Amino acid sequence: MRLTTPSFPGSTLAETVDGMDLTELRKAVTEAELVDAHAHNIVAINSALPFISGFSEANGDALSYAPHSLSFKRNLKDVAELYGCEKTLHGVEEHRRLAGLQSISSTCFRAAGISVILIDDGLRLDKKHEIAWHKNFAPVVGRILRIEHLAEEILNEELPVGSSWTLDFFTEIFVGKLKSVGDKIFGLKSIAAYRSGLEINTNVTKKDAEEGLAEVLHAAKPVRISNKSFIDYVFTRSLEVALLFDLPMQIHTGFGDKDLDMRLSNPLHLRDVLEDKRFSKCRIVLLHASYPFSKEASYLASIYPQVYLDFGLAVPKLSVHGMISSVKELLDLAPIKKVMFSTDGYAFPETFYLGAKKSREVVFSVLRDACADGDLSIPEAIEAAKDIFSQNAIQFYKINSSVKSSGSENSVSPNFVEVNGNDSEDDVSFVRVIWSDASGQQRCRVVPKNRFNDVVTKNGIGLTFASMGMTSFTDGPADETNLTGVGEIRLMPDLSTKWRIPWVKQEEMVLADMHLKPGEAWEYCPREALRRVSKILKDEFNLVMNAGFENEFFILKGILRDGKEELVPFDSAPYCSTSSYDAASYLFHEVIPALHSLNITVEQLHAESGKGQFEMALGHTACMHAADNLIYTREVIRAITRKHGLLATFMPKYSLDEIGSGAHVHISLWQNGQNVFMGSGGSSRHGMSKVGEEFLAGVLHHLPAILAFTAPIPNSYDRIQPNTWSGAYKCWGKENREAPLRTACPPGIQHGLVSNFEIKSFDGCANPHLGLAAILAAGIDGLRNHLSLPEPIDTNPSSLDAELERLPKSLSESLEALKEDNAFTDLIGEKLLVAIKGIRKAEIDYYSNHKDAYKQLIYRY
């Protein structure tokens, strides 16, 4: 036998085995949508549950040895590669903290390809999310009810004065609760293996059950059921309800944490249950491949028509050899139609991703070998893959949905399921679908929550082509954008950005991508432009760009003057004034928690030098998240000041007599979780690495053209003036705040090294995704062409006016620089550039003819 294909998907080597072409089999395995029929709730990012516990069944002191296991090393590496961060536990944990739960969950579930999740919510986890929350990441979510957990909840309830528990009273409540949700759940589950073992007596006497209940109640609360007779009684009553509603019963078998006596978790102990004729029609699934009793489980599935198998947890918690051998043992005797995938994901979205990724790899390997051994033909193996990953579970759990598998034209019906439990979204009425256009204005469409779930998540919202050609002065497309009212796109919500609105609790908001049709990105989409250029940086140089914004804004209040309302500064105190902060602190006591609820880190804030002006510095993160965070930060600040009868404006120069406002951005480069912009000790020139210098050199070289993205309106250039710390000359400097590019050595960084550079010529009218995309494109050009930096300027550049090139003094000059700079065409996209140039030209023409029109921009930015 000659194998010329690797064990796992993803290789580019020839895919044949004994002359058989495995391409279609690999495609079926890789593209199958997964039905995850056994999983648990994800917890909040600040849960007390240690992240390392997601990699091991160990706990306590034993958990400290988990990093030395084969599966831990492999799984940690897989997660780090998914995130593009350092391949250490600390590196992954730091990425999780910076990216936030919504983002990492979206990343993990998108990579996993899971269409259906059935959740056992009976696992006690600190700060776990309700079942409904998981609908953000999978179109179909349902509930599996853990019977022991339900029994414990009932017994923990306070009885009326004068009442006491009896077996009959408990049975009435327990059975009643099961029946009340029987048509709303997908199955029951038992963890009897953890409590008293699988040798369950379905003929337990009432007397023994009563004595067992008494023993349970005698123990202190909260109740934990461990008496065998009472557990057997609960299990038997549950099987009766399962028969009534034709619900399957999941049973934990095989390995688990140390609470389990594995001698009692061998599925062979279930013989009495399987032989009881009353329950011969009750479908039972043995979880976790029953490892290490996989052969025994396979045997049971082969001789009992009601027994099915699920290999979640064994994959991915075992070594590669262990995973493959375990699944092979299941298939030794068991019919393929009885073997099912699940992740047993819990607490952390990474566990879902790892379960899915490793299952694809293992199933491909097992089916490939079955073809090589002659057990299966290629078409039979393809059918087996579809059955294992989705079709078996769809039929077994009676999922009323057509889940895509490879080659299927069916689509998911995402909302057939009524999710049971406390739905935290029940009080949400509307969802704001937000986008930022090419002139940097933030806009939204609002849809009712039900329609958002039923229609918009799948099909998006229609929007005219003209929306990306609009200017800052009118809601119509500029003439030379090639965008008109003819043609329509789809606003597709990025569910990883969906949040409850902090200041309107009955609403949610989500950022949208622009697609020509669902799944096909529109070339004018700003988020897609940044995503595209980021991918080039990653693919060509294995680098990730991080960004952190400093938001400057004025807070204005309305006064009556000569019978007319006039907007004036909220406060008149100077730079970093304590009294200015005191005056605005009540606002920031709402703004900061609101931002934290959106997982946006605020590093510091202070009063700026303008009257009523403040600056808020955000933490750095991957550039896409940074741009998204900036949009949400502006939304929060505007909304909360408006709530208090004030107006916050981010426009560059709201008053020509005042200091300007910028959106300075700090840029750094990362590789495998390490900051590689920074140099290493004395060997680094200017405190930067070689890639850092070349990237910064590219930005400096293209800075005049970049301004057409980052300083996009004529008013922007009223701000970029000498001696205003806004960077008016084409130069860079070390900690030089008059230079447009400043290398920074913040506290905690070794003296002489720099961790990032700041771009000052970025303001609040810029679309942050387009601005960062332009910076990235310039940096990539620097890396490709190994550009060199000139010497830094260590004095006020205005004193060298005769020697230094002035940056564009107007939007006309920056637009001309963009037209003459060819570096952006391939990276940003020609059509998008045409639209941007058309919008900028319209801005120039309009404001040159309407000198006071800029005053209205406080209402737009």
Could you list all residues from the range 164-193 that are touching a residue at least 24 places away in the same chain (Cβ under 8 Å) and part of a helix (DSSP H, G or I)? LEU167, PHE170, THR171, PHE174, VAL175, LYS177, LEU178, LYS179, VAL181, ALA192, ALA193
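Residue by residue, here is whether (1) in a loop (DSSP other than H, G, I, E, B); (2) crowded, with 17+ Cβ neighbours inside 10 Å; (3) in contact (Cβ under 8 Å) with a residue 40 or more places away in the chain holds:
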residue: TYR65; (1), (2), (3): no, no, no
residue: LEU82; (1), (2), (3): no, yes, yes
residue: LYS87; (1), (2), (3): yes, no, yes
residue: VAL92; (1), (2), (3): no, yes, yes
residue: LEU98; (1), (2), (3): no, yes, yes
residue: SER103; (1), (2), (3): no, yes, yes
residue: VAL116; (1), (2), (3): no, yes, yes
residue: ILE119; (1), (2), (3): no, yes, yes
Quick one: is LYS337 part of a loop (DSSP other than H, G, I, E, B), closer than 29 Å to ILE131 by Cβ, open to solvent by 10 Å² or more (accessible area, probe 1.4 Å) and not hydrophobic (A, V, I, L, M, F, W, C)? no
Scanning the range 485-535 residue by residue, those touching a residue at least 12 places away in the same chain (Cβ under 8 Å), among the basic types (Lys, Arg) and either within 20 Å of ILE828 (Cβ to Cβ) or buried (at least 18 other Cβ atoms within 10 Å of the Cβ) (or both) turn out to be ARG490, LYS498, ARG527, ARG531, ARG532
Check ILE844 against each of (1) under 39 Å from the mean Cα position of the chain (by Cα); (2) in contact (Cβ under 8 Å) with a residue 40 or more places away in the chain; (3) open to solvent by less than 40 Å² (accessible area, probe 1.4 Å); (4) on the phi < 0 side of the Ramachandran plot and name the one condition it does not meet. (1)
Pull up the range 309-334, narrow it to residues that are within 16 Å of ALA356 (Cβ to Cβ) and charged (D, E, K, R), then point me to the one that is surrounded by the most Cβ atoms within 10 Å (Cβ to Cβ). ASP310
Considering only residues that are open to solvent by 50 Å² or more (accessible area, probe 1.4 Å), in a helix (DSSP H, G or I) and of a type outside the set (Asp, Glu), which ones fall in the range 129-163? LYS135
I want to confirm something. Restricting to the range 708-726 and keeping residues that are more than 17 Å from GLN441 (Cβ to Cβ) and among the aromatic types (Phe, Trp, Tyr), which single residue is least open to solvent (accessible area, probe 1.4 Å)? TYR717
Taking the range 480-520 and keeping only residues that are among the polar types (S, T, N, Q) and either in contact with a helix residue (DSSP H, G or I) (Cβ under 7 Å, 6 or more places away or on another chain) or within 30 Å of ILE844 (Cα to Cα) (or both), one is left with THR481, ASN482, THR484, SER496, THR497
Among the residues of the range 201-223, are any within 39 Å of the chain's Cα centre (by Cα), part of a helix (DSSP H, G or I) and touching a residue at least 12 places away in the same chain (Cβ under 8 Å)? no
Per the filter on the range 654-695, residues open to solvent by 30 Å² or more (accessible area, probe 1.4 Å) and of a type in the set (Phe, Trp, Tyr) are TYR654, TRP670
Quick check on my filter: what residues within the range 283-324 are in contact with an Asp or Glu (Cβ under 6 Å, 6 or more places away or on another chain), in a strand (DSSP E or B) and more than 20 Å from VAL79 (Cα to Cα)? VAL285
Out of the residues in the range 805-818 that are surrounded by 14 or more Cβ atoms within 10 Å (Cβ to Cβ) and among the charged types (D, E, K, R), state the one that is farthest from SER848 (Cα to Cα). ARG806
Based on what the data block shows, is GLY197 closer than 17 Å to PHE245 by Cα and surrounded by 14 or more Cβ atoms within 10 Å (Cβ to Cβ)? no
Anything in the range 601-616 that is touching a residue at least 40 places away in the same chain (Cβ under 8 Å) and open to solvent by less than 10 Å² (accessible area, probe 1.4 Å)? List them, or say none. GLY610, GLY612, GLN613, PHE614, MET616
Filter the range 737-747 for residues that are surrounded by fewer than 23 Cβ atoms within 10 Å (Cβ to Cβ) and without any contact (Cβ under 8 Å) to a residue 60 or more places away in the chain and give the result. ARG737, CYS745, PRO746, PRO747
Matching residues, the range 367-391, being open to solvent by less than 10 Å² (accessible area, probe 1.4 Å) and closer than 13 Å to SER342 by Cα: ILE388, PHE389, SER390
Screening ALA835, ALA766 for residues that are within 27 Å of GLU603 (Cβ to Cβ), open to solvent by less than 10 Å² (accessible area, probe 1.4 Å) and out of contact with any strand residue (DSSP E or B) (no Cβ under 8 Å at 6 or more places or on another chain) leaves only ALA766
Do the conditions hold for ASP562, that is, is it open to solvent by 10 Å² or more (accessible area, probe 1.4 Å), acidic (Asp, Glu) and in contact with a Lys or Arg (Cβ under 7 Å, 6 or more places away or on another chain)? no
Within the range 767-785, can you find the residues that are in a loop (DSSP other than H, G, I, E, B) and within 25 Å of the chain's Cα centre (by Cα)? ASN767
Condition first: over 20 Å from GLN613 (Cβ atoms), surrounded by fewer than 24 Cβ atoms within 10 Å (Cβ to Cβ) and of a type in the set (A, V, I, L, M, F, W, C). Now tell me which residues in the range 544-559 satisfy that. VAL544
Among the residues listed as GLU211, GLU199, GLU153, GLU157, the single one being more than 26 Å from HIS269 (Cα to Cα) and at pLDDT 90 or above: GLU153
Being at pLDDT below 90 and either in contact with a Pro (Cβ under 9 Å, 6 or more places away or on another chain) or of a type outside the set (Ser, Thr, Tyr) (or both) is the filter here, so list the residues in the range 422-448 that pass it. ASN422, ASP423, GLU425, ASP426, ASP427, VAL428, SER429
Does GLU791 satisfy being open to solvent by 10 Å² or more (accessible area, probe 1.4 Å), over 42 Å from the mean Cα position of the chain (by Cα) and of a type in the set (D, E, K, R)? no
I need the full set of residues from the range 224-251 which are in a loop (DSSP other than H, G, I, E, B) and open to solvent by 10 Å² or more (accessible area, probe 1.4 Å), in order please. ARG224, SER226, ASN227, ASP246, LEU247
Identify all residues within the range 14-29 that are exposed (fewer than 15 other Cβ atoms within 10 Å of the Cβ) and at pLDDT 90 or above; write none if there are none. THR23
Residues satisfying the stated conditions in the range 735-780, i.e. in contact with a Cys (Cβ under 8 Å, 6 or more places away or on another chain) and not acidic (Asp, Glu): ALA739, PRO740, LEU741, HIS751, GLY752, LEU753, VAL754, SER755, LEU772, LEU776
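The values are calculated or read from the model by the stated rules, or taken from the named source; none is laboratory data. Note that the structure is predicted; figures quoted are calculated from it, not measured. Every residue, glycine among them, receives a Cβ derived from its backbone with ideal geometry; neighbour counts consider all protein chains shown. The accessibility values were calculated without ligands, DNA or RNA, using every heavy atom of the protein model including side chains. Shrake-Rupley method; radii C 1.70, N 1.55, O 1.52, S 1.80 Å.
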